[in-house]
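One structure is given below, encoded as structure tokens.
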Amino acid sequence: MIGIIDYDAGNIKSVEKALHFLGEETVVSRDPEVLLKADKAILPGVGSFGEAMQNLHTYGLVPVINKIVEEKKPFLGICLGLQLLFESSEESPGVEGLGLLKGKIVKIPPSPGLKIPHMGWNSLHLQNQGRLFEGIPEQTYVYFVHSYYLQAQEPEIVKATTQYSTCIHASVEKDNVFACQFHPEKSSRYGLKILENFAKIGRED
């Protein structure tokens, strides 16, 4: 069972639909007991960093997320969900993120001919043998929608990057915590393969 954390952020339905397509059992909930019973969890999301953190606090989900991670259950952040795992974001000065990973979220710098938000398909450069990318070819195209991007403090946790005005840390992995800035649920067959790889983590042990 995969718990999808509901904190009033956008894009939850498309993640649920993609997992159902893969034959995965899911539950969308903000009930701590329900989420803590799941084998793994996903924090999806589209929206603003500050509002999202406020919602996580309002619904009492911050300690739930911390407990899931402490229990070494596989945990996946998607898009805004990736950003929330880090310490802070330029989008919402003064708002603390979950701080589960070290790094900050900063505005994509302007560049001639490039629109912000970064919206559309872009290719991935894979590195550091990410478990989410097993069976995924180098330079696979995935779908992005974001105006802010991750600068991870620990280079070894970065498993994929993309170029858009600057080098964007597109996916990270540390122990049982995984995250993608792009949307695997909107990234065609290879995106589904990434979700399938996440769903398999822990089952092969």
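The values are calculated or read from the model by the stated rules, or taken from the named source; none is laboratory data. The structure presented is a predicted model; accordingly, all values stated were derived computationally and were not measured. As a convention, Cβ positions derive from the backbone with ideal geometry for all residues, glycine included, and neighbour counts pool all protein chains shown. To get the accessible areas, we keep the full protein, side chains included, count just its heavy atoms, and leave off ligands, DNA and RNA. Shrake-Rupley method; radii C 1.70, N 1.55, O 1.52, S 1.80 Å.
One residue stands out in the range 60-71 among those that are over 16 Å from LEU82 (Cα atoms) and either among the aromatic types (Phe, Trp, Tyr) or in contact with a helix residue (DSSP H, G or I) (Cβ under 9 Å, 6 or more places away or on another chain) (or both): the one that is least open to solvent (accessible area, probe 1.4 Å), namely VAL64. With respect to (1) within 29 Å of ASN66 (Cβ to Cβ); (2) touching a Phe, Trp or Tyr at 6+ places or on another chain (Cβ under 8 Å); (3) surrounded by fewer than 21 Cβ atoms within 10 Å (Cβ to Cβ), the lone exception for GLN151 is condition (2). Of the residues making up the range 137-186, those that are in a loop (DSSP other than H, G, I, E, B) and touching a strand residue (DSSP E or B) at 6+ places or on another chain (Cβ under 7 Å) are GLU138, GLN139, THR140, SER147, GLN153, SER165, ASN176, GLN181, PHE182, HIS183. The set of residues from the range 154-171 being surrounded by 13 or more Cβ atoms within 10 Å (Cβ to Cβ) and closer than 20 Å to ARG131 by Cα comprises ILE157, VAL158, LYS159, ALA160, THR161, THR162, ILE168, HIS169, ALA170, SER171. Number of residues in the range 74-110 that are in a loop (DSSP other than H, G, I, E, B), over 22 Å from ILE2 (Cα atoms) and touching a Phe, Trp or Tyr at 6+ places or on another chain (Cβ under 9 Å): the value is 8. In the range 172-205, which residue that is of a type in the set (Asp, Glu) and modelled with pLDDT under 95 is least open to solvent (accessible area, probe 1.4 Å)? Only one residue tops the list, namely GLU204.
Close Cβ contacts (under 9 Å, 6 or more residues apart or on different chains) running from residues in the range 184-201 that are closer than 19 Å to VAL27 by Cβ and among the small types (Gly, Ala, Ser) to residues that are at pLDDT 95 or above and in a helix (DSSP H, G or I) comprise ALA199/LEU19. Take PRO93 and tell me if it is open to solvent by 30 Å² or more (accessible area, probe 1.4 Å) and either touching a residue at least 24 places away in the same chain (Cβ under 8 Å) or within 13 Å of the chain's Cα centre (by Cα) (or both). In short, no. Considering only residues of the range 114-134 that are out of contact with any Lys or Arg (no Cβ under 6 Å at 6 or more places or on another chain) and among the small types (Gly, Ala, Ser), which is surrounded by the most Cβ atoms within 10 Å (Cβ to Cβ)? Out of the qualifying residues, it is SER123.
Among the criteria (1) in contact (Cβ under 8 Å) with a residue 12 or more places away in the chain; (2) part of a loop (DSSP other than H, G, I, E, B), the one GLY23 does not fulfil is (1). Is it the case, given these coordinates, that LEU76 is open to solvent by less than 10 Å² (accessible area, probe 1.4 Å), within 24 Å of LYS193 (Cα to Cα) and touching a Ser or Thr at 6+ places or on another chain (Cβ under 6 Å)? Criteria not met by LEU76. Out of the range 26-59, which residues are open to solvent by 30 Å² or more (accessible area, probe 1.4 Å) and either in a loop (DSSP other than H, G, I, E, B) or aromatic (Phe, Trp, Tyr) (or both)? ARG30, ASP31, ASP39, VAL46, GLY47, SER48, TYR59 - these are the residues of the range 26-59 that are open to solvent by 30 Å² or more (accessible area, probe 1.4 Å) and either in a loop (DSSP other than H, G, I, E, B) or aromatic (Phe, Trp, Tyr) (or both).
Applying the selection to the range 26-47, what residues are under 14 Å from the mean Cα position of the chain (by Cα) and in contact (Cβ under 8 Å) with a residue 40 or more places away in the chain? Result: LYS40, ILE42, LEU43, PRO44, VAL46.
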